[in-house]
Amino acid sequence: MDGVELIGWTASGILLATLGREVRVQWRERRTDGVSSWLFLGQMAASLGFTIYSALIGNAVFVLTNAALLLTAIAGQCIYRRNLRLEQRRHAAAGGASRPAGADTARKGR
């Protein structure tokens, strides 16, 4: 591995570690505050496109990175949907006294 590839792999590791941490926090906190479903949908579309592009130009660093980003976005979207369902259940169990976080944005296509 040459120095240029090392820079690419290092940057990839930093990016994936950062996003992985955010997904883990979202999973642990079971909340949707400050999270948008559109973020994950956009990330999925972009990551799929970049993965295909990277494969076509033969860049292994970007193929692996973008494929991992696609998996991160899919996990994030699944977790977001799970958290939204949990918030709606908590809201219903509380007798609807207060609106669950994300309720307004969920109806607006967020």
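General remarks:
- The gain in end-to-end length when the Ala11 to Val25 segment is fully stretched comes to 2.9 nm, 0.36 nm per residue minus the alpha carbon separation.
- Viscosity 1.306 mPa s, 10 °C: Kirkwood-radius Stokes-Einstein D of the stretch 3-103 over Cα pairs, µm²/s: 106
- Based on DSSP H segments of at least four residues, each scored -39500 (n - 2.57), the chain has a per-residue ellipticity at 222 nm of -27500 deg cm²/dmol.
- Vicinal HN-Hα couplings computed from phi for the stretch 89-94 (Karplus, 6.51 cos²θ - 1.76 cosθ + 1.60; Hz; Gly/Pro x): 5, 4, 4, 5, 5, 7
- Net lengthening on full extension, Ala67/His91 (0.36 nm per residue, minus Cα-Cα): 5.0 nm
- Karplus-derived 3J(HN,Hα), 6.51/-1.76/1.60, for each residue of the stretch 74-79, Hz, glycine and proline x: 5, 4, x, 5, 4, 5
Any read-out appearing in this document is the output of simple, stated calculations on the displayed coordinates, not a laboratory observation. As the structure is a computational prediction, the values presented were derived from the model and not from experiment.
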